[in-house]
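Each remark here refers to the structure printed beneath this line.
Nothing in this text is a laboratory measurement; each read-out follows from the coordinates by a stated rule. Note that the coordinates shown come from a computational prediction; the quantities given were computed from them, not determined experimentally. Here Cβ is always computed from backbone atoms with ideal geometry, including for glycine, and neighbour counts include all displayed protein chains.
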Amino acid sequence: MNGQTSHQQSKDGRHDDDAALTEFLASLMDYTPTIPDELVEHYLSKIGFQCPDIRLTRLVAVATQKFIADVATDALQQCKARQSAVVKDKRDKQQKDKRLILTMEDLSRALREYGVNVKHQEYFADSPSVGLDSVSETSDN
Amino acid sequence: MSDGDGRDSLKFLGERENQQWKRKKKKLGADEFAQAIARIAVAQVCEGLGFQSFHQSALDSLADVGVRYIREIGKTACSYANLANRSQCNVFDVIQGLEDLGSIQGFSGASDVSHSLSGSGVVKDLIRYVGQAEEIPFAYLTPVFPVVKQRTLDPSFAQAGESPPDEHIPSWLPKFPEPETYATLSLRNEKDLETEVVNKTQLVEEQHRKVERPLLNFQQKLICNGSEAGVVVEQGDAAKAQRAAESNPFLAPPLQYGEKEVALPVLPPKLLDDPADYHNSCVVTDTNLLTLEPSLRPRETERSAPCEPEDRRNILLNGRPSLQFKFGNGKKSLRMVTSPRNESIEKVSLWFGDDHDGKDKTNRKAEKILWENTEYPPEVSHL
């Protein structure tokens, strides 16, 4: 008996989930994701994703938008954390660095949580022998 | 950003980078448009979150990651659909793909192995996100891309209403091209060629449009394939070539020598010898220069800066040895005779030398004397 009720409840739960999903897919037609449909369709068709239903493309677009928003939010938090750390040292910078800039450093730290390794060049050198002059000088001396 | 050899090396690097950057800019990949749109969309999302500006490299990286995310969802969803023996994807395939990708970050209910897909944590997260986030529409109207060109296919035998020439060729195959486009004449007698040409002109006149278009298409295809334009122009195809030439001057066969009357440049009289001898050689001497000086003043409407003849005489006389060079010409005279000879004085337009203002009677007389001695008075050749 208990098994039957739990089974019944799970069935209802499943119905609710299905209903919620259906409702969500219908609401997607009202919500316009920031990533345009044409772009998503272009890349999906390139990769072999076949579906004439536009709701699915919207679903993918919304999922990607959420992903990017999460990453950007993490980067924003990193940026704010760095600014607050700096402000403690000098009060002058508080007025200058109010601008929130998406930098490569913050982005790579945020993406590392998601399993994406983006490493950025720290500096560029003119030639391979740059920086070796000091070494040769010391060796001569 | 380096402690290099000094400013020269930095400058050099800057120029090189500049050139490389310019080169990169010119090389546009096939996906450039889509990447640009992705960049704009990601920038809008970031702006909505509170970012005020960004580094270009950071935006490029994030846009690239976003594009890869789309492709990854598509790939996993497609593979799940194929696993279930389907070719078209389902909403459940997409949810499973999202679960796979979200398993790194984690979502509620991930550890539950036997949960239903519609009640999955990713779906709930998405629903929550859509409910919370403000709607930021994309800034531009994007067209449907990539744009597919409409190809005009060749009509088949059945469509054209023709029957295929042989039994083994089915009627739904495209038509053969017109024989005039590919038929080339082998070595034949001249008479045969002539009759052939006559027959061909008649044929061509009858099927004017039909011949022209496939021929042009054929020639265009030849051009597109890298072969030289107008490569097949043989004697027998004069009519065909003419048709082609009428429509496209660049495909016309080259003109033979003497076919078209072209005004040749007129040599100034000072390069001419003894007038009677100018057919075969040009000899330049001092005396000629002196005598021809006065005649170097043409009657021209166009004038350039005037130059005094006396100065030129001085310049020419001072210490210059007499030049003698002979140009052997086996061909016709350089002064081409196009119209019947006139006794009257013609205007002489100089290729070199200065034009002078004003007319002098003395000059006229000198020229009259000069040209009366010639057999072929010069023609007016305004270049």
*A:ALA20 versus B:LEU264, label points 7 Å from Cα toward the beta carbon: distance in nm?*
9.6 nm
*Go ahead and run the numbers for FRET between B:PHE250 and B:VAL144, Cβ-Cβ distance against an R0 of 41 Å, rounding to 0.05.*
0.70
*Above-threshold pairs, the threshold being 30 Å between Cα atoms, out of A:LYS46/A:LYS119; B:LYS75/B:LYS149; A:LYS80/B:LYS75; A:LYS46/A:LYS98; A:LYS46/A:LYS66*: A:LYS80/B:LYS75; A:LYS46/A:LYS98
*asked:* Taking the number of other C-beta atoms within 10 Å as the exposure measure, put B:VAL42, B:VAL122, A:VAL130, B:VAL65 in order starting with the fewest.
replied: A:VAL130, B:VAL65, B:VAL122, B:VAL42
*Scan around B:PHE54 for amide H atoms under 5 Å from its own, H built in the peptide plane at 1.01 Å from N, and keep only partners 5 or more places away or cross-chain.*
A:LEU102
*Counting other C-beta atoms within 10 Å, which of B:SER114, A:SER129 has the fewest, and how do the rest follow?*
B:SER114, A:SER129
*Give the order of B:THR181, A:THR64 when sorted by the count of other beta carbons within 10 angstrom, beginning with the fewest.*
B:THR181, A:THR64
